[in-house]
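Novice: Please read through the structure below; I'll follow up with questions.
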Amino acid sequence: MSAAVLHHLGVGAATNHTVLADAAVAASADVETDDDLQLALFALYASAYGSVPAFDPELEWEPSLIATRGVIERAFETALRARILPPELPAATADAVARALFTLTAADGGPSLSRHLAKKATLDQAHEFLVHRSVYTLREADPHSWAIPRLTGRPKAALVEIQSDEYGGGDPERVHAELFARAVRAAGLSDAYGAYVDDVPAVTLASHNAMSMFGLNRRLLGAIVGHLAAFEMTSSIPNRLYAEGLRRLGFDDDVCGYFDEHVEADAVHEQIAARDLAGTLAEDRPDLLPDILFGAAACLSVDGRVGEHLLDAWGRGASSLRPEDAR
């Protein structure tokens, strides 16, 4: 199915990918770990982002491609909602929502990939970590920016404040995606977007696809706001540990600078994201409160599966990347 999608996007020749998508969804035991479904969804989102130059921009809204995207999105969202139980809803006030989000993120019991990288990771594992991160981070902030035109007033101002920092505050050299591109180049890896898509498993694509799905669908506005809140609230300390681990392995500031940047910036962003963004959106739109909490819980859960995958593979002395014969 993903081959049919890629053929249509790359060559422009229509295929039967929507029929194949229906069949693939019906046959899938777990949409989040299904390489075929997650690769196809990643490619369809890449068309919207314009991140793969080979994809014809005239096909961005081609009806059959949008239909196929819808088939996969419905299955993906249904799977996430069935697996992830958000916490009890707080009152729809900025303070109550912020407290609920801090409680949720503080209680996250996922595996500590950052502590492993800080203390135990090998050089090969550090390179694999950067490969996994490249799928999202070379487009950092873009999935959440889809929400800007859909917000008004206080939450819009809060999101723009966060995103301004993400995009370098007007300095192209400080754009976070560019800082990460500099990091992977300095680590001897490719900074070409999508260079490692064939190397990473479905769970890594699913992490990026979840935020893209939330951002690109207006009906999921609450989910993308909640996702960003949880993302920012669980970033500062892990990035400090990532930087420590990378320096332990001999990487210099060209690699570690990206992670250093996020230690202070995200400590500020977490306060803005929790209260001024998510909290005021809940005040203005109480109907979105359930999805705000769902998006936050989904961020923790989906990213937690990525961490579990890496640590499980490394614990077995194996690579976290897909085997050569599967690429």
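Novice: Lys and Arg at +1, Asp and Glu at -1: add these up for the other residues within a Cβ distance under 12 Å of ALA313 and post the number.
Specialist: -2
Novice: Right, another one. Of LYS120, LYS156, which has the most accessible area with a 1.4 Å probe, and how do the rest follow in descending order?
Specialist: LYS120, LYS156
Novice: Sticking with this structure for a sec: Under 14 Å from the 7 Å Cα→Cβ point of ASP254, by amide nitrogen: which residues of segment 187-215?
Specialist: 187-191
Novice: What accessible area per residue comes out for segment 67-126, rounded to a whole number of Å², with a 1.4 Å probe?
Specialist: 52 Å²
Novice: Counting only protein heavy atoms, what percent of the accessible surface of segment 221-327 is carbon or sulfur at a 1.4 Å probe?
Specialist: Carbon and sulfur atoms account for 49 percent of the accessible area of segment 221-327.
Novice: Can you name the helices of the chain, as whole DSSP H runs, whose Cα span along the helix axis is 27 Å or more and whose Kyte-Doolittle mean is not below 0.5?
Specialist: The qualifying helices are 289-315.
Novice: Between (i) 43, 20, 19; (ii) 28, 26, 19; (iii) 38, 24, 20, which entry matches semi-axes √(5λ) of the Cα gyration tensor in Å as derived from the coordinates of this structure?
Specialist: Comparing each candidate, only (ii) matches the computed number.
Novice: If you don't mind, there's one more thing I want to ask. Using protein chains only and a probe of 1.4 angstrom, how many square angstrom of LEU130 are accessible, to the nearest 10?
Specialist: Using a 1.4 Å probe on the heavy atoms, I get roughly 0 Å².
Novice: Could you tell me the calculated FRET efficiency between GLU173 and VAL268, based on Cβ-Cβ distance and R0 = 22 angstrom, to the nearest 0.05?
Specialist: It comes out at approximately 0.60.
Novice: Moving to a separate point now. Please report the accessible area of ASP95 (heavy atoms, 1.4 Å probe, ligands and nucleic acids excluded) in Å², nearest 10.
Specialist: Approximately 80 Å² of ASP95 is accessible to the 1.4 Å probe.
Novice: Nearest 20 debye, what's the magnitude of the dipole of segment 233-273 about its Cα centre given +1 on Lys and Arg Cβ and -1 on Asp and Glu Cβ?
Specialist: Charge dipole, segment 233-273, about its Cα centre: 200 debye, nearest 20.
Novice: Note down the magnitude of the dipole of the chain about its Cα centre, charges +1 on Lys and Arg C-beta and -1 on Asp and Glu C-beta and zero elsewhere, to the nearest 20 debye.
Specialist: In debye, rounded to 20, the chain gives about 560.
Novice: What FRET efficiency would be calculated for the residue pair ALA3, ALA192, taking the C-beta separation as r and a Förster radius of 22 Å, to the nearest 0.05?
Specialist: Once the sixth-power term is evaluated, E becomes 0.55.
Novice: Distance in nm between label sites at ALA13 and HIS127, each 7 Å beyond Cα in the beta-carbon direction?
Specialist: Each label point is offset 7 Å from its Cα along the Cβ direction, giving 3.7 nm.
Novice: Now, a different point. Counting only protein heavy atoms and using a 1.4 Å probe, what share of the accessible area of segment 1-139 belongs to carbon plus sulfur, as a whole percent?
Specialist: 58 percent
Novice: Let me ask another. Counting heavy atoms of the protein chains only and a 1.4 Å probe, report the per residue accessible area for segment 169-327 as a whole number of Å².
Specialist: Per residue, segment 169-327 has 37 Å² of solvent-accessible surface.
Novice: With every protein chain present, what accessible area does HIS309 have (1.4 Å probe, heavy atoms only), rounded to the nearest 10 Å²?
Specialist: HIS309 exposes around 60 Å² with every protein chain in place.
The values are calculated or read from the model by the stated rules, or taken from the named source; none is laboratory data. Keep in mind that this is a model prediction, so the values were computed, not measured. So basically every Cβ, Gly included, is an ideal-geometry build from the backbone, and we count neighbours across all protein chains shown. With ligands, DNA and RNA removed, areas are computed over all heavy atoms of the protein, side chains included. Shrake-Rupley method; radii C 1.70, N 1.55, O 1.52, S 1.80 Å.
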